[in-house]
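Shown next, in structure tokens, is the structure this report addresses.
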Amino acid sequence: MTEASAPITQDVLTLPRKLPQTGRTNIVGLTREQLRAALVAAGTPERQVKMRVGQVWQWVYHWGVRDFAAMTNLAKDYRALLAEHFSIDLPEVVTRQVSADGTRKYLLRIAGGHEVEAVYIPEEGRGTLCISSQVGCTLTCSFCHTGTQKLVRNLTAGEIVGQVMLARDDLGEWPEPGTGSGGDRLVSNIVLMGMGEPLYNFDNVRDAMRVVMDGEGIALGRRRITLSTSGVVPEIARTAEEIGCQLAISFHATTDEVRDRLVPINKKWNIATLLGALRDYPKLSNSERITFEYVMLKGVNDSDADARRLVRLIAGIPAKINLIPFNEWPGAPYERSDWERIEAFADIVYNAGYASPIRTPRGEDIMAACGQLKSATERARKSRADIAAETGH
């Protein structure tokens with residue numbers, strides 16, 4: 001059912017600081033403006049720097065080249081200058097698992113020996129990469145396995161971009177230098193739904209997405225990127241203005257009493273405050289609609305009354321509701337709603353005029369499904385009673 005590849009050993013990533021063992025700066029994750037400044041500081045003449053940024057950018061992000069010596073449209077002495085001052089480093093792949101349904105989960109080691117996970121989900125005509133933005137999480141959502149791991153640190157922009165590049169490596173998606181675009185995209189969509197709360201790491205997430213969206217490199221348009229937040233209200237308008245991607249809300253409840261328990265950030269920004277911030281998002285970002293993610297928990301948030309309350313709450317917001325059957329994990333204090341209950345809930349939402357797809361669980365056999373990501377070194381098995389006591393459920 002699963003398989004793990006041999007570890008791929010690469011230099012440890014410390015973007016954007018210089019690597020202490022070499023004194024070189026990692027290029028991965030630098031925005032165009034940051035790369036320009038770094039090239040000038042390394043000795044690139046001002047009159048050449050715009051061209052050099054474009055050349056290096058294309059080699060790294062369009063062709064996926066990791067060796068400055070292979071950048072054949074640059075003079076040898078300039079390639080030597082780049083190699084002296086810069087590196088092209090990605091996180092280390094510790095394990096790669098493949099689910100029976102084709103889902104791939106990567107355990108990645110980053111600077112400091114910390115670990116994060118990323119998941120690639122193949123679908124007909126598209127492929128979605130779920131990436132992480134933090135090591136651990138500070139939100140402690142009681143239904144989420146990641147939430148049982150304490151926050152260690154934010155990922156750098158390079159560590160976020162590196163997840164995309166490593167997935168393209170594994171899928172063999174980079175085009176051969178000098179050839180066409182490489183055909184159909186295997187990584188056609190990105191969702192910031194892995195470990196961590198993206199809006200608590202705003203600057204690095206923004207810079208990483210600017211790299212990913214740049215049309216001369218990885219070139220994924222903003223409509224192909226979805227950022228999921230539990231509701232960091234002050235950063236929502238900023239997300240629209242500075243990133244402009246699609247937005248998903250980890251919603252999961254229709255009353256403050258229940259959401260306080262499931263998504264504790266609700267105690268800081270309650271449902272009314274969150275919905276107030278969301279009403280302007282489609283206009284500010286030019287996105288089509290907001291996705292409300294709603295995990296179905298048996299006897300907790302899955303009643304007909306909850307469904308009717310949900311459609312009343314989001315009235316006037318262009319939206320779709322993603323219903324997510326709860327993906328269990330060891331010690332989880334909840335159970336998945338019965339399938340008939342999920343379908344009845346979906347029917348009420350659909351009849352109110354909202355798309356209400358039921359997400360098919362993917363990668364459950366390798367703990368890669370929504371809400372199951374957690375660093376392998378942090379998978380301490382708490383008992384159901386221990387977790388229930390922590391969450392008050």
Which residue, of Glu328, Glu288, is assigned to a loop (DSSP other than H, G, I, E, B), under 27 Å from Glu241 (Cβ atoms) and out of contact with any Lys or Arg (no Cβ under 6 Å at 6 or more places or on another chain)? Glu288
Do you know which of the residues in region 60-105 that are among the hydrophobic types (A, V, I, L, M, F, W, C) and without any contact (Cβ under 8 Å) to a residue 40 or more places away in the chain is surrounded by the most Cβ atoms within 10 Å (Cβ to Cβ)? Phe68
Matching option when the condition is touching a helix residue (DSSP H, G or I) at 6+ places or on another chain (Cβ under 6 Å), part of a helix (DSSP H, G or I) and at negative phi, among Ile348, Ile342, Ile321: Ile348
What pairs come out if I take residues in region 267-279 that are over 13 Å from Ala315 (Cα atoms) and of a type in the set (Ser, Thr, Tyr) and pair them with residues that are modelled with pLDDT of 95 or more and surrounded by 13 or more Cβ atoms within 10 Å (Cβ to Cβ) whose C-beta lies under 8 Å away, six or more apart or interchain? Thr273/Val233
What are the residues in region 291-318 that are of a type in the set (Val, Ile, Thr), over 16 Å from Asp256 (Cα atoms) and part of a loop (DSSP other than H, G, I, E, B), if any? Ile317
Here is a list: Ala315, Ala380. Which entry is at pLDDT below 90 and in the same structural domain as Gly136 (by TED's automatic domain parsing)? Ala380
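The values are calculated or read from the model by the stated rules, or taken from the named source; none is laboratory data. From a predicted model like this one, the values you see are computed outputs, not experimental measurements. When we count neighbours, we look across all protein chains shown, and the Cβ atoms used for this are built from the backbone with ideal geometry, even at glycine.
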